[in-house]
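Engineer: Below is the structure I would like to discuss, written out as structure tokens.
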Amino acid sequence: MPLPFATRLPIDRAGLTGDMWGGLAAMLVALPSAIAFGVTIFAPLGGSLAAQGAMAGILGATALGLIAPLCGGSSRLITAPCAPAAAVLAALAVGFSAQGIAPASALLLLALISLLAGAMQIGLGLAGIGRLIKYIPYPVVSGYLSGVGLIIIGSQVPKWLGAPEGMTLWQSLVSPALWALPSIVVGTVVILAMLLTPRITKAIPAAILALLAGIATYLVLGWFNPELLVTDDNPLLVGTLASSEGSLGASIEQNLNALKAIDFKNIVQVLVPALTLAVLLSIDTLKTCLVIDAMTNSHHDSNRELIGQGLGNMASSLVGGIPGAGTMGASLINVSSGGTTKLAGLMAGVFSLAAFLLLAPLIAWVPVGALAAILIVIGFRMIDTHSLSFFFSASTRIDFFVILAVILVAVFGNLIAASGVGVALAIILFIREQTRSSVVRSRIEGSEILTKRARSPEDVERIEREGSGVVVFELQGSLFFGTANQLHAALEPETGKQKYVILNMRRVQSLDVTATHVLEQIKDRLEENNAYLVFCDIPKGLPSGLKMKRFLKETGVVRPTNKAFAFRQLDDALEWLDGQEHASTGSLNADQQLELRAMPLLVGCMPDALTALEAAVETRHIKAGKRIFKAGNACDELFIIRRGTVKLMVPLRKKESYHLATCGPGELIGDMGFIESAQHAIDALAVNDCEVYVLQRERFEYLAVEHGDLMLAFFGNIARNLSTRLHATITELQALRG
């Protein structure tokens, strides 16, 4: 039966060679580090366990390489034991040793932590958290990785110096008499090899050449001092495995028997460390996936990758290996060596298994100082030195202090506390970014946006003198407790001088109770002054799933009984507002019916010309909601509104439209199509039952020959209409862009 999350490997003969070489190169990079990580984790529990730690590193690389690619969601990722896992588990091992816990029990707890961390990663993937973990701010990730790098360096320097087991970094530095010269020489050679060999050749990974150089250097030193060539109880070497420990089957059986002894108390004891490890390994993996995607123009499935990583870590803990994650170095080597599919990751696991079966006897001759030197170089490479430049820029200085805080907590506290600090700081960074941006995108005076409806000269003069009493705010971003004060500061000054405060919510992404409380305060202040709070363009659904309109009603901001209203679009709000102000604006009454001779545009025309015009036009009735003419249709007719209200709309994509103007009795529409004898560019929609006079182009041309005053009247009015609408559009654009 196939694994539930397994993926069928795409076998491409053309790419098979590249995957083979990619897997081999990735194994050669990952294996020395895996051995070093295993020794680092197991060594604090007792010198005799260092060799078992080396084998645990190889077993971890094997299990992760065989399981994670099959079940994961990335095609080029290489999974292996990693530095964050080593830092967390080594710190826990030191703590277990200090508490006097027996080595066997400590190993059981470490295996349980790895097992639970894998299970938690599966849970994170199934819950869809994979797409969220990668959004942890860069300063937090940078600080954490830099802290892990410093911890690794601090823990490995004593081993490089050959100091006795259990000595801290400071104790080893102030006790040069306890240093072992062979270990220092070997470590120095390894560090130089790690740094210099990439300049000479990249055909063989630097870590492999450095490890071989370290072993060769140690053997040369042993030729001068035969005492160094003893593997049993030699603190400078990893040492010999017991025969039972060298068997793969025995190792798996031993771990399975140990895990059977787990009880509920053990699980509770390690839940927090397991969760910390799961989050760290997940972040490390997804960060590597993002880098690979950017390099190869590919895409990964974050949640599926977490499931694959979790299954790999669980398998690793069951066979006695150490946990890991998608590693940057090995993955990049895989890509550069020709690896293109999941088969490359699988081959890395196969080659690791071959190394376990073939190289187990040689593990004893690996110098501890050589492994420490490799880890020191890895630790330095994990430190984000680029972030130091953040201090010198005022805009990034707070990010620098976030990085520094996480590093200090990781180094002088522990990684578990650092993860908590990182999450808290991530929240603070989010709030800071939200409060930095203005929640008010634009503020538009009513006089700039109400010009879409024709008004009398007296009304226009009154608005210019007294103001329209209307202001439109376009809000944006997150309206929450962090921006509530900013929202209040923007709206409160309007409550004493405006009769209508319109809030366009189209660009609002989130809303909380604190923000609605501010809106309710603004509504109450407006109500005291007999003014209105009007909402429009309320999103139907926010990214969080919140139904904003319902939320505004439930929190008491919008209710039918008070002076707060909600409309679907800004145009609807303006139409309602126009109706509210209808009695005082002096605009033409949509209910009135104008005869042709009473039209303002025909004032001054000769009686015989008006008689001829009456004979040339026809009267047309249009029901409310119907179009008088439609954009895209060819028409050479000119329309004069006799009764009713007509909205001129510019069609946009996705069935949206832009409100160009609202026209009433006595106004001309269809003028552009009439002049150009082309397709209409706009829709003319009857707001209510309308009557229009229709004048065809052919009849108009006949009238223009006989009655020049009619031609001047019509074209003069058309020119004024076009000029007025253009001016209104420019004014609105300036207000929106300002």
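Derivation of every value follows stated rules applied to the coordinates shown; laboratory data play no part. Being a predicted model, the structure only gives us computed values, none of them experimental. No Cβ is skipped: glycine too gets one built from the backbone with ideal geometry, and neighbour counts run over all protein chains shown.
Engineer: At a temperature of 10 °C and a viscosity of 1.306 mPa s, determine how fast region 14-384 diffuses translationally according to Stokes-Einstein, using the Kirkwood radius over alpha-carbon pairs as Rh; express D in µm²/s, rounded to the nearest whole number.
Structural biologist: Working: Rh = 20.3 Å.
Translational diffusion coefficient: 78 µm²/s.
Engineer: Something else about it: Under the Kirkwood approximation applied to all pairs of distinct alpha-carbon atoms, what is the hydrodynamic radius of region 65-146 in Å?
Structural biologist: The answer is 15.2 Å.
Engineer: Quick one: order 412, 42, 674 by neighbouring beta-carbon count within 10 Å, fewest to most.
Structural biologist: If I rank by nearby Cβ atoms, fewest first, I get 412, 674, 42.
Engineer: Right, here's the next one. Sort 27, 649, 347 so the one with the fewest other Cβ atoms within 10 Å of its own Cβ comes first.
Structural biologist: Details: 27 29, 649 20, 347 25.
Ordered by Cβ neighbours within 10 Å, fewest first: 649, 347, 27.
Engineer: Here's another thing I want to ask about it. Please compute P(r) over all alpha-carbon pairs of region 489-559, binned at 5 Å starting from zero, and give each bin as a whole-number percent.
Structural biologist: 3, 17, 27, 26, 16, 7, 2, 0
Engineer: Another question about this same structure. With the convex hull built on the Cα atoms of region 264-399, state its orientation-averaged projected area in nm².
Structural biologist: One quarter of the hull surface, i.e. the mean projection, equals 12.6 nm².
Engineer: On to the next question. Pull up all non-local amide H partners of residue 441: gap of 5 or more, or a different chain, and H-to-H distance under 5 Å with H placed in the peptide plane.
Structural biologist: 474, 475, 476
Engineer: Kindly put 523, 647, 563 in sequence by how many other C-beta atoms sit within 10 Å of each C-beta, fewest to most. Don't skip to the end; give the middle numbers.
Structural biologist: Details: 523 23, 647 20, 563 17.
Lowest to highest Cβ neighbour count: 563, 647, 523.
Engineer: Over 18 Å between Cα atoms: which of 630/655; 563/647; 499/647; 499/553 fall into that group?
Structural biologist: From 630/655; 563/647; 499/647; 499/553, over 18 Å: 563/647; 499/647; 499/553.
Engineer: If I model a spin label at residue 704 and residue 386 as a point 7 Å from the Cα along the Cα→Cβ vector, what separation in nanometres do I get?
Structural biologist: 6.7
Engineer: Which values, in whole Å and largest first, are the semi-axes of the equivalent ellipsoid of region 596-737 obtained as the square root of 5 times each eigenvalue of the Cα gyration tensor?
Structural biologist: Ellipsoid semi-axes (Å, largest first): 26, 17, 14.
Engineer: If each residue of separation counts as 0.36 nm, what is the full-extension length gain between residue 229 and residue 618 once their alpha-carbon separation is subtracted?
Structural biologist: 128.6 nm
Engineer: What is the percent of Cα-Cα separations in region 344-392 that go past 15 Å?
Structural biologist: Here the tail beyond 15 Å accounts for 68 percent of pairs.
Engineer: Report the one residue of 635, 603, 717 whose Cα lies farthest in the direction of the positive end of the charge dipole of region 596-737 (charges on C-beta: Lys and Arg +1, Asp and Glu -1; origin at the Cα centre).
Structural biologist: 635
Engineer: Identify all lysines with a Cα-Cα distance to residue 342 below 26 Å; exclude those on the same chain that are fewer than 8 residues away in sequence.
Structural biologist: Straight-distance partners of residue 342: 134, 202, 287.
Engineer: Still on this model: What distance in nm separates the simple spin-label points at residue 598 and residue 184, each placed 7 Å from Cα in the Cβ direction?
Structural biologist: It works out to 11.0 nm between the two label points.
Engineer: I need the phi-derived Karplus couplings for region 76-81: 6.51 cos²θ - 1.76 cosθ + 1.60, θ = phi - 60°, integer Hz, Gly and Pro marked x.
Structural biologist: So the J values, rounded to whole Hz, are 10, 6, 10, 9, 7, x.
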